[in-house]
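J.: Questions regarding the structure given below will be posed in turn.
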Amino acid sequence: MGRPKNLSFSLIAAIIGLMVAIQFQTVKEPEVRDTRDTWQLREDLMKEKELQSRLLLEIRSNEEKLTKYETERQQSKEEVLRETLAELKVEAGLEEMKGPGISLSIEPAFNLIVEGDNPPSVSPDLLKRLLNELNMYGAKHISVDGERVINTTVIRDINRVTKINNHSLNRFPIEVKVIAENRDTAEKLYNRMKISAVADDFFIDNLEVKVNQPVGDLVVPAYQDTIRIRYMESATSGKGGGNG
């Protein structure tokens, strides 16, 4: 009976020893050694430095692009403001204009003037009627006797002398220059003014209106006086909103 027990004990011990050996081999990490020599290490280091250098160059390039885009954006804003200012100046009549249009000449009708009559003159109402007629037929820019007509132009009688803004209309002939949108509009304006009834109104006051043929390079001067703006104040930010 003693031998079988010893045999069983030996067998069990062998099995346990084998399992412990297998587990030890499984858990144990293999030893890895860096087999690269010094030159290989230097080459790897140079590659890493080259990669770092490329990344820095890309970062610098992107920063330069961002700076350029920001500069272009600012310049674009300034350009838009300049263009808007130029458009406003044109609309306000502060720029000399050149383009296709017609000219009219207002002169005394000497064949109608009787000896002893007062010298003829252009009344403010008659001049306003003429300007309204021109605007109705497509006039874009107008000057009267070298004086630019704008939205704030005042035509009035001062001491029996008609004035447009501060300019006196006391000499003949009085030339009215009109610039149209294009050559076709100038032709239509010419044809309409040739048959306009406003010429008859001038004729009653012993004045003759001559409508000259359209030209392609008519020049209308800029408004020279100071534009006075009433009933307008600079905007200030309030409590309810605004910037500040």
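J.: Mind pulling up the Rg/Rh value for the range 97-220? Radius of gyration and Kirkwood radius, both on Cα.
T.: Taking Rh as the inverse mean 1/r over Cα pairs, Rg/Rh reads 0.96.
J.: How would you rank 212-218, 148-154, 69-75, 98-104, highest first, on the average number of other Cβ atoms within 10 Å across their residues?
T.: 98-104, 148-154, 212-218, 69-75
J.: Work out from phi, with θ = phi - 60° and the Karplus expression 6.51 cos²θ - 1.76 cosθ + 1.60, the ³J(HN,Hα) of each residue of the range 73-84, listed in order in whole Hz, and give x for Gly and Pro.
T.: 5, 5, 5, 5, 4, 5, 5, 4, 5, 5, 5, 5
J.: Regarding the range 40-91, what is the average projected area of its C-alpha convex hull, in nm²?
T.: Mean shadow area of the hull around the Cα atoms is 3.2 nm².
J.: Per 0.36 nm of contour for each residue apart, how much would the distance between ARG60 and ALA92 grow if the chain were fully extended, relative to their Cα-Cα spacing?
T.: Contour length minus the Cα-Cα distance gives 6.7 nm.
J.: Go through LYS47/LYS68; LYS98/LYS140; LYS140/LYS177 and tell me which ones have a Cα-Cα distance over 22 Å in this structure.
T.: Check vs 22 Å cut-off fails for LYS47/LYS68.
Where a number appears in this text, it was derived from the coordinates with a stated rule and is not lab data. Nothing here was measured: the structure is a model prediction, and the numbers come from that model. A quick note on method: Cβ atoms are made from the backbone with ideal geometry, for glycine too, and the neighbour counts reach across all protein chains shown.
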